[in-house]
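S.K.: Questions regarding the structure given below will be posed in turn.
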Amino acid sequence: MEKYSHSSMRTICHTYGADLTFTEQVRFESLAKGNKASLSRIQLHDSTPTMIQIGGNREKLLEQFLSDFVPDHGFTGFNFNLCCPSKSYIRQGLGCAMITRYTKVDRMVKMVKDYGYDVSIKLRLGLNQE
């Protein structure tokens with residue numbers, strides 16, 4: 001929900017009963033490179049329980065991001081987006097194309113857990129149906 005799941009919206013949802021909220025998807029490659037716009041999208045401004053939704057496929061950059069990551073108050077873990085149907089993402093092997101790369105996904109999930117963070121996965125049933 002790009003441009004809709006900002007901090008204010010997450011806080012409103014939590015106030016009215018959501019147990020957990022999610023940021024919009026951010027590519028961890030851009031986070032690892034210190035992209036200011038991407039970093040601002042994962043900044044948490046209050047204690048609303050929030051998982052940071054990430055996407056990407058370059059394990060080395062995930063490791064780089066995690067090694068520098070300092071969680072904000074309200075952070076509850078990471079959510080891997082394996083469901084984005086964008087044709088651009090699929091061509092890059094991202095989003096729902098990652099479903100077929102389960103060994104890589106398993107390594108990335110374990111990497112996040114090794115840093116002591118909770119992790120979940122958002123996914124679709126497959127690539128072939130629209």
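S.K.: Of 21, 81, 42, whose Cα points farthest to the positive end of the dipole of the chain (charges on the beta-carbon: +1 Lys, Arg; -1 Asp, Glu; origin at the Cα centre)?
M.R.: 81
S.K.: Can you sort 23, 76, 100 by 1.4 Å-probe accessible area, starting with the largest?
M.R.: Working: 23 0, 76 50, 100 90 Å².
In descending accessible area the options line up as 100, 76, 23.
S.K.: Turning to a different aspect of this structure: Run the helix sum for the chain: -39,500 (n - 2.57) per DSSP H stretch of 4+ residues, divided by residue count, reported at 222 nm to the nearest 500 deg cm²/dmol. Mind showing how you got there, number by number?
M.R.: On the way: 6 runs with 48 residues, N = 130.
It lands at -10000 deg cm²/dmol.
S.K.: Sticking with this one: Looking at the chain as a GNM with Cα springs under 10 Å, which of 32, 97, 18 has the largest mean-square fluctuation?
M.R.: Most flexible of the set in this elastic network: 18.
S.K.: Related question: How tilted is helix 59-68 with respect to the longest principal axis of the chain? Cα atoms for both, answer in degrees (0 to 90, nearest 10).
M.R.: 20 degrees
S.K.: Here's something else I'd like to know. Could you order 70, 119 by accessible surface area, starting with the largest, using a probe radius of 1.4 Å?
M.R.: On the way: 70 115, 119 35 Å².
Order by accessible area, largest first: 70, 119.
S.K.: Once you sort the root eigenvalues of the Cα gyration tensor of the range 16-88 as a ≥ b ≥ c, which label holds: rounded (a/c under 1.5), prolate (a/b larger than b/c) or oblate (the other case)? The partial results should precede the final answer.
M.R.: Values: a/c = 1.96, a/b = 1.29, b/c = 1.51.
Because a/c hits 1.5 or more and a/b fails to exceed b/c, the range 16-88 counts as oblate.
S.K.: Quick one: accessible area per residue over the chain, 1.4 Å probe, rounded to a whole number of Å²?
M.R.: Details: 7840 Å² over 130 residues.
Ligands and nucleic acids excluded, the figure is 60 Å² per residue.
S.K.: Sketch the reach of a paramagnetic label on residue 114 as a point 7 Å from Cα along Cα-to-Cβ, and name the residues of the range 50-73 whose backbone nitrogen lies under 17 Å away.
M.R.: Under 17 Å, as judged by backbone N against the label point of residue 114, lie 57-69 of the range 50-73.
S.K.: Now for a separate question. Can you pull the percent of the range 1-94's accessible area that's carbon plus sulfur, 1.4 Å probe, other chains left in place?
M.R.: On the way: 2800 of 5160 Å².
The C+S portion of the solvent-accessible surface of the range 1-94 is 54 percent.
S.K.: Among the listed pairs 87/110; 60/110; 33/87, which have their C-alpha atoms separated by more than 19 angstrom in this model? Present the calculation step by step, with values, prior to reporting the outcome.
M.R.: Details: 87/110 27 Å; 60/110 13 Å; 33/87 24 Å.
Cα-Cα > 19 Å for 87/110; 33/87; rest within.
The values are calculated or read from the model by the stated rules, or taken from the named source; none is laboratory data. Here the structure is a predicted model, which means the values were calculated and not measured. Counting neighbours? That spans all protein chains shown, and the Cβs are built from the backbone with ideal geometry, glycine included. Note: accessible area is taken over every heavy atom of the protein model, side chains too, but ligands, DNA and RNA are not part of it. Shrake-Rupley method; radii C 1.70, N 1.55, O 1.52, S 1.80 Å.
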